[in-house]
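Q: Before I ask anything, let me first share the structure, which is written out below as structure tokens.
Quick note: the coordinates plus some simple rules give every number you see, no bench work behind them. For clarity, every value in this text was computed on a predicted model and none was experimentally measured. Cβ atoms come from the backbone with ideal geometry, glycine included; neighbour counts cover every protein chain shown.
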Amino acid sequence: MSTVRKLFQSSGLLVGIRLFQRSLGLISTLILARLLTPADFGIVAVAALIIHFSEVLSNTGIQQYLVQADEATNEVVNTAWTLDILLKVAVCVLLYLALPGINWLYDDANIMYAVGTLIPVIAIRAMMNPELHVQRRNLSYGIIFRIGVIQKLVSFVVVIIVAFQTRSFWAIVIGDLVSSIMGVVLSYYYCARRPKLSLRNVGTQWLFSRWMLARGSIGYLRAQIDTLLISQFYSLSDLGKFNIAREFTIMPATEVIQPAVEPLLATFSSVRLDKTKIAQQVSLALLLISTFTAPFVAFTYQFHEAIIFYLLGEQWMEAAPLMQAMTPLLFAFALGGVLNNLCFALAKVKTVFWYDFFSLTLIAVVLVSSQGLLLESFVWVRSFLGLAMVTAFLFVCSRLISANFLTQVCLLVIPLLASFFAVKVATILCFKQSFLTLVFSGFVFAVFYSALMLCLAGVLSKRSRTWRYLYEYSMEFLKRLIGKVLRTTK
């Protein structure tokens, strides 16, 4: 139970970091949506696609390697850090050589300028102090929290100032560049470790990293194949609307759920030799993922039009149906994070690679065949494909740890059903259309969903250890919250 409690505490801190960062990011996006055009967001989407894919192509999996290593000695850390830098610098050089080809492919000079400005970000991020990876290995997130807060504050200020001055995509580009530089500077300010260039352990590192490189490339293409094809099949304005809808829909997975899951990699590794314990940890992780993701899915599906209208304005209403169509993908992204972490902890990188390869092939074939559909229909096809693929991946992972597949599915489905029931109740009680009604609907939904899940956990805790963990921690959290409220009111 101590491991579970440490997992909850670490996850809570990471979620706190992401919530703070994302709160500023959300404010920034809301401001930018009123200053920039959908085409500006389309340019940023294409540039980000190229930069992130290039970064993935050179990703050695330094964090995953240090987590699964028996000991994070100076030699191991320095070699992993050095190999990561060398590969990323090489990719930066290749990208600069490829700029004319990028300009020819998209026939838009602004895209080439944006990519050219962002290329150094790849090498800058690689220079981050590797001590941060060791801190993650040990589930110590205090320094990471401080760096994340300062980094986001500085980039937020820069983005807003440049946006009001230029009213162009350059605000986002310059903000990303400044954020990366700040992250590196702060990592050396807060961490005592001073890494050195070393290749003494490069053979062992490369045996792990070569599969991470292959898996990362295929995995990123699988996750971004929709953005890539939309950039070819539709206009930059359509791509911008898609990108905004995607950002708001997938935000819970990238900014809340994934940080909460990150500590699971270390806890999986610590019990990977005990199939009973790792099956219990995975079941708990799946239940937590579904418990946190399901309400976002249901609320977004039900109130997608109101969310877009009141947050972004009437000019973005064409993005609302795209947002609704992406809700199955939100659930798939969140679940995929847990399953990837599990395979990494079990040193089954090949399994992840082949899953990504086959799912990418299937998704690409189906989406290319869907060319000519309305953008909304195209997104629905992509979402259900992603959900089907991650369900198949769950089946494979269940076999790896000798867990019952149907039991794992039930852990995912029960919170999802509860969330859709709760959102229907909130809709009935809150029938008027206004921003205050939307906020009140969210409050009613959150309270009713929480109460419903607590009751379900209490009932099911008598039959399931996984549900008992959730129930006991929820009751403990509730008691502490009530205690703090009572102390405050005295």
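Q: Can you tally the net charge around F378? Count Lys and Arg as +1, Asp and Glu as -1, for every other residue whose Cβ sits under 12 Å from the Cβ of F378. If you can, show how the numbers build up before the last one.
A: Details: positive: R382; negative: D226, D238, E376.
Its environment carries a net charge of -2.
Q: Which of the pairs K277/K462; K277/K350; K152/K424; K152/K241; K88/K277; K88/K348 have their Cα atoms more than 28 Å apart in this structure?
A: Cα-Cα > 28 Å for K152/K424; K88/K277; rest within.
Q: For the stretch 23-47, list residues with backbone N below 14 Å from a point placed 7 Å from the Cα of F435 toward its Cβ?
A: 27, 30-31, 34
Q: Let me ask something else. Can you give me the C-alpha center-to-center distance between the stretch 285-349 and the stretch 83-139, rounded to a whole angstrom?
A: One Cα centre to the other: 27 Å.
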